[in-house]
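Take a look at the structure set out below.
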Amino acid sequence: MESSQVAVAAADTTDPQAGLRAVASLRVLADSLELRQVEAALRAGMSWQQIADALGVTRQAVHKKYSKRIDPSILGPRRRA
């Protein structure tokens with residue numbers, strides 16, 4: 001099922017069981033996409049603070065969520081968490 005179809009299913013309240021499964025699928029997709037964007041931002045030289053600002057969270061929150069999930073080669077010895 002395409003993402004747009006999953007979004008339609010998530011918004012449809014006539015079948016709560018299907019809607020909840022769709023919401024869970026969207027959550028997994030969003031989390032995966034966010035991780036990819038955080039990695040891209042770090043590769044582009046953005047700081048944890050800049051990433052946090054873009055996501056509307058604190059620096060500590062984004063660092064805690066992603067610092068151990070990102071590709072370790074991104075930070076390298078030159079960057080500080």
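Is it the case that some residue within segment 22-38 is more than 12 Å from the chain's Cα centre (by Cα), open to solvent by 70 Å² or more (accessible area, probe 1.4 Å) and of a type outside the set (A, V, I, L, M)?
no
Look through 73, 67, 47 and report the one residue that is open to solvent by 70 Å² or more (accessible area, probe 1.4 Å) and without any contact (Cβ under 8 Å) to a residue 24 or more places away in the chain.
One residue alone meets the criteria, 73.
The values are calculated or read from the model by the stated rules, or taken from the named source; none is laboratory data. What you see is a predicted model, and the numbers here were worked out from it, not measured in a lab. Every residue, glycine as well, gets a Cβ built from its backbone with ideal geometry; the counts of neighbours run over all protein chains shown. To get the accessible areas, we keep the full protein, side chains included, count just its heavy atoms, and leave off ligands, DNA and RNA. Shrake-Rupley method; radii C 1.70, N 1.55, O 1.52, S 1.80 Å.
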